[in-house]
Amino acid sequence: MNKGTAIVGFFLCFLAGMGLMWGVDRSQGNAITAESGAAAGLDQSASPIPVTAKDPQWGDPTAPVTIVEISDFECPFCKRVGPTTEQIQKTYGPKQVRFVWKNNPLPFHKQARPAAEAAETVFQLGGNDAFWKFHDLAFENQGALGDDNYAKWAGQAGVDVAKFKADYGAKKYAAKVDADLAFSSKIGASGTPNFRINGVEVSGAQPFENFKKVIDEQLAEAKKALAAGTKAEDIYVEMTKKNFAAPPEKPAAPAADNKPPEEDKTIWKAEIFKDDPILGKNDALVTIIEYSDFQCPFCKRVEETIEKVRETYKDDVRIVWKDSPLPFHPRAKPAAELAWTAYKTKGVDAFWKAHKALFDSQPKLEDDDLKTIAQQLGLDWTTVKANIDSNKYDSFFQATMAQGADLNARGTPHFFINGYRVTGAQPFEKFKEVIDAQLAKAKAMVAAGTPRAKVYETIMAEAKGPPPPEKKTVPAPTAKNPSKGPANAKVVIQMWSDFQCPFCKRVEPTLTQLEKEYGGKVRVVWRNMPLSFHADAPLAAEAAMEAFAQKGNDGFWKFHAALFESQPNIKRPDLERIAQEQGLDMTKFKAALDGSTHKAQIDADNEAGTKAGISGTPAFVIGDYYLSGAQPDSAFRKLINLVLAEKR
């Protein structure tokens, strides 16, 4: 992932189903409950980050520190930061810190806007306590956002359900969400969660320590202001005026850049395999190849659209399923094994029944959930579990993922409509636009004499095949580079990585699996590339290299594993703790970090990657084939096999 897209990729790669419980009851100790009159009378709209009684709040309105939380009920990172905000509340209390909620429902989160409107309705009907109860229920049950549950949670929050349904249905408080959105855009809060601590920005689901540093600084500054005569009720406005930094104005794009990017009209050779599950008639004029993942929330979301496509086009459309279980979805492959067990034992109709049941069950895809589905389908659970444990149908998944990698079908869901690429959980209108165009072409082919059953085959005969894999020339590794695997291995995988990068952590299980699979045929070489926006990565790299200097390859990889396990907590105290646990000479270790002993080697690795055109992590050069990002094992396997074939 390159630097320009790292933040976007970070949001998209983790949107798929975090299983964390919220565990926060913000109504407890809410000072505003006791001082609602004071809150209502304190208008702080003069601040560049205005706060009024229209905003849900927790804490004393005259608290010396106010944290404005700009958030989205469907965002997994907003959920993830919950335990941190709870820790802040417990640490500082409502007299020192106040929380204020602002909505920023992101456009690609289908339920974020309805949830925000529901929460605002609860707030207007029941006040702050009711809002925070609803807020906690929504995050705790983030996978079940929807109108029925909004009404249920409103009732649990103490709001009259009939009144809630009437006001929510009438979108009575939608204007407040619109105002919050406009505010978020104005101050440059484009992602969630985003926090302004007395105007100081903290972006993302940061650890408690990062918040604490800013809060403590602001408490000290507020104390000075109070001592200088600033009234407590004026502290927030004055501090935000002092701290707020307006986002830079975006320069006007050149005229040529104002043109929308040209749409890729390539027809790709997306071939159907013999065993691919198919829904629809074989002589359908439009074939939709779908690369999907049973644990992916976006794959579930698009199912409604696909059903509408089938209802609209009937026998003119068929769906071809391609399993693409992503490596960071641990339950995707077991779910796929169940579906294929149904397919191979009971036929294609059973596959599609399993397919529906699995998406209906999502995110509940643990063994007990799969067992229930198996029983509902009349499958023998012992057989299903044995297939899951043995990865019985893995060869089919690997073939599909290799094909997807060839077609650059990264992420799920990913579609080819008669070879025309459509990515993501697009609305029905987008599918309709492409299907109508492809259907018209197919009908013209039939009118010209092509049999219906040969339309897709004919299209594929002229379609564009996958591009050849990219190559990069990089320096050969030396004894200064940590490595594992035989020195004479036929395949050398050089990986440029960063200990603070979540994608680098995510790809580690894939590499471990490949090392087991290929045994002595593969050698993995570590190259450091701590990215500039990862503040803790450079020192972590130096710590790992000192472990290498003291204990060789074994010591490096042991330290490497501990760093990724500790992520994101890899600051100096964490590094020293790991070093001590692993028996390193602490005098030498601290001296190496203090003196930047290994900086030159780290810089050399970074420079070698940069010269080769590598700008993000993780990045791999396999032989001389280049692979960027935390790709599925099939993408690695394809290039490893290419190198092995060349060396026969």
Picking from Gln398, Gln376, Gln403, Gln438, the residue that is open to solvent by 30 Å² or more (accessible area, probe 1.4 Å) and of a type in the set (S, T, N, Q) would be Gln376
Sole miss for Asp129 among (1) open to solvent by less than 40 Å² (accessible area, probe 1.4 Å); (2) part of a helix (DSSP H, G or I); (3) touching a helix residue (DSSP H, G or I) at 6+ places or on another chain (Cβ under 7 Å) is condition (1)
Note on Thr383: of the conditions (1) surrounded by fewer than 16 Cβ atoms within 10 Å (Cβ to Cβ); (2) without any contact (Cβ under 8 Å) to a residue 24 or more places away in the chain; (3) assigned to a helix (DSSP H, G or I), unmet is (2)
Practice task
Considering every residue within region 481-495, establish whether at least one is more than 30 Å from the chain's Cα centre (by Cα) and more than 30 Å from Phe548 (Cβ to Cβ).
Solution key: no
- Task: Please indicate, with yes or no, whether at least one residue in region 482-496 is among the basic types (Lys, Arg) and either assigned to a helix (DSSP H, G or I) or under 24 Å from Asn408 (Cα atoms) (or both).
- Result: no
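Does Ser497 meet the test of being at pLDDT 95 or above, under 27 Å from Arg648 (Cβ atoms) and among the hydroxyl-bearing types (Ser, Thr, Tyr)?
Answer is no for this residue.
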Considering region 617-648, residues that are more than 17 Å from Leu511 (Cβ to Cβ) and not hydrophobic (A, V, I, L, M, F, W, C), and then whichever is modelled with the highest pLDDT, we arrive at Asp624
Listed by first then second residue, the pairs whose first member lies in region 527-541 and is within 15 Å of Gly204 (Cβ to Cβ) and open to solvent by 30 Å² or more (accessible area, probe 1.4 Å), whose partner is of a type outside the set (Asp, Glu) and outside any loop (DSSP other than H, G, I, E, B), with beta carbons under 8 Å and at least 6 positions apart or on separate chains, are Phe533/Lys3; Phe533/Ala6
Within region 132-161, residues being modelled with pLDDT of 95 or more and open to solvent by 70 Å² or more (accessible area, probe 1.4 Å) number 4
Of Thr121, Thr66, the only residue that is at pLDDT 95 or above, farther than 20 Å from Thr192 by Cβ, among the β-branched types (Val, Ile, Thr) and crowded, with 24+ Cβ neighbours inside 10 Å is Thr121
Checked Glu217, Glu201 against criteria (open to solvent by 50 Å² or more (accessible area, probe 1.4 Å) and assigned to a helix (DSSP H, G or I)); the one match is Glu217
Quick count over region 616-630, residues being open to solvent by less than 50 Å² (accessible area, probe 1.4 Å), of a type outside the set (Val, Ile, Thr) and either farther than 20 Å from Gln403 by Cα or in contact with a helix residue (DSSP H, G or I) (Cβ under 7 Å, 6 or more places away or on another chain) (or both), is 8
Quick one: is Gly595 at pLDDT 95 or above, surrounded by fewer than 21 Cβ atoms within 10 Å (Cβ to Cβ) and closer than 30 Å to Lys490 by Cβ? no
Flagged in region 620-638 as of a type in the set (S, T, N, Q) and outside any strand (DSSP E or B), in numbering order, are Gln631, Ser634
Reported set for region 175-207 where residues are aromatic (Phe, Trp, Tyr) and over 21 Å from the mean Cα position of the chain (by Cα) is Phe183
Residue hits (region 475-521; farther than 22 Å from Ala562 by Cβ, of a type in the set (Val, Ile, Thr) and either without any contact (Cβ under 8 Å) to a residue 40 or more places away in the chain or open to solvent by less than 30 Å² (accessible area, probe 1.4 Å) (or both)) are Thr478, Val491
(message) For region 208-219, check the following and say yes or no: at least one residue is β-branched (Val, Ile, Thr) and either at positive phi or under 32 Å from the mean Cα position of the chain (by Cα) (or both).
(response) yes
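Okay, residues lined up against (1) outside any loop (DSSP other than H, G, I, E, B); (2) without any contact (Cβ under 8 Å) to a residue 12 or more places away in the chain; (3) closer than 21 Å to His329 by Cβ:
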| residue | (1), (2), (3) |
| --- | --- |
| Ser395 | yes, yes, yes |
| Met401 | yes, no, yes |
| Ala409 | no, no, yes |
| Phe415 | yes, no, yes |
| Asp436 | yes, yes, no |
Within region 283-295, can one find any residue that is open to solvent by 40 Å² or more (accessible area, probe 1.4 Å) and either out of contact with any Phe, Trp or Tyr (no Cβ under 7 Å at 6 or more places or on another chain) or among the acidic types (Asp, Glu) (or both)? yes
Here the qualifying pairs (Cβ atoms under 6 Å; residues six or more apart or on different chains; first in region 568-584 and closer than 13 Å to Ala535 by Cβ; second part of a helix (DSSP H, G or I)) come out as Ile570/Ala540; Ile570/Leu563
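Keeping to region 451-465, report how many residues are part of a loop (DSSP other than H, G, I, E, B) and either surrounded by 16 or more Cβ atoms within 10 Å (Cβ to Cβ) or out of contact with any Asp or Glu (no Cβ under 9 Å at 6 or more places or on another chain) (or both).
Qualifying residue count for the region: 2.
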Flagged in region 307-322 as open to solvent by less than 40 Å² (accessible area, probe 1.4 Å) and either at pLDDT below 95 or more than 23 Å from the chain's Cα centre (by Cα) (or both), in numbering order, are Val309, Tyr313, Asp316, Val317, Arg318, Ile319, Val320, Trp321
Worksheet item: Based on what the data block shows, is Glu508 touching a Lys or Arg at 6+ places or on another chain (Cβ under 9 Å) and under 30 Å from His329 (Cβ atoms)?
Response: no
Would a scan of region 321-331 turn up a residue that is of a type in the set (Ser, Thr, Tyr) and farther than 18 Å from Glu303 by Cα?
-> no
Inspect all residues belonging to region 176-188 and state whether any of them is outside any helix (DSSP H, G or I), of a type outside the set (S, T, N, Q), closer than 24 Å to Ser45 by Cβ and at pLDDT below 95. yes
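Residue by residue, here is whether (1) assigned to a loop (DSSP other than H, G, I, E, B); (2) in contact (Cβ under 8 Å) with a residue 24 or more places away in the chain holds:
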site: Thr66; (1), (2): no, yes
site: Cys78; (1), (2): no, yes
site: Pro83; (1), (2): no, yes
site: Lys90; (1), (2): no, no
site: Lys95; (1), (2): yes, yes
site: Arg98; (1), (2): no, yes
site: Lys102; (1), (2): no, yes
site: Pro105; (1), (2): yes, yes
Does Lys443 satisfy the criteria of being over 27 Å from Thr412 (Cα atoms), free of Cβ contacts under 8 Å to residues at least 60 places away in the same chain and in a helix (DSSP H, G or I)?
no
Per the filter on region 160-185, residues among the basic types (Lys, Arg) and touching a residue at least 60 places away in the same chain (Cβ under 8 Å) are Lys176
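The values are calculated or read from the model by the stated rules, or taken from the named source; none is laboratory data. The structure presented is a predicted model; accordingly, all values stated were derived computationally and were not measured. Here the Cβ is made from the backbone with ideal geometry for all residues, glycine too, and neighbour counts use every protein chain on show. When the accessible area is computed, the model is the full protein with side chains, heavy atoms only, and any ligands, DNA or RNA have been set aside. Shrake-Rupley method; radii C 1.70, N 1.55, O 1.52, S 1.80 Å.
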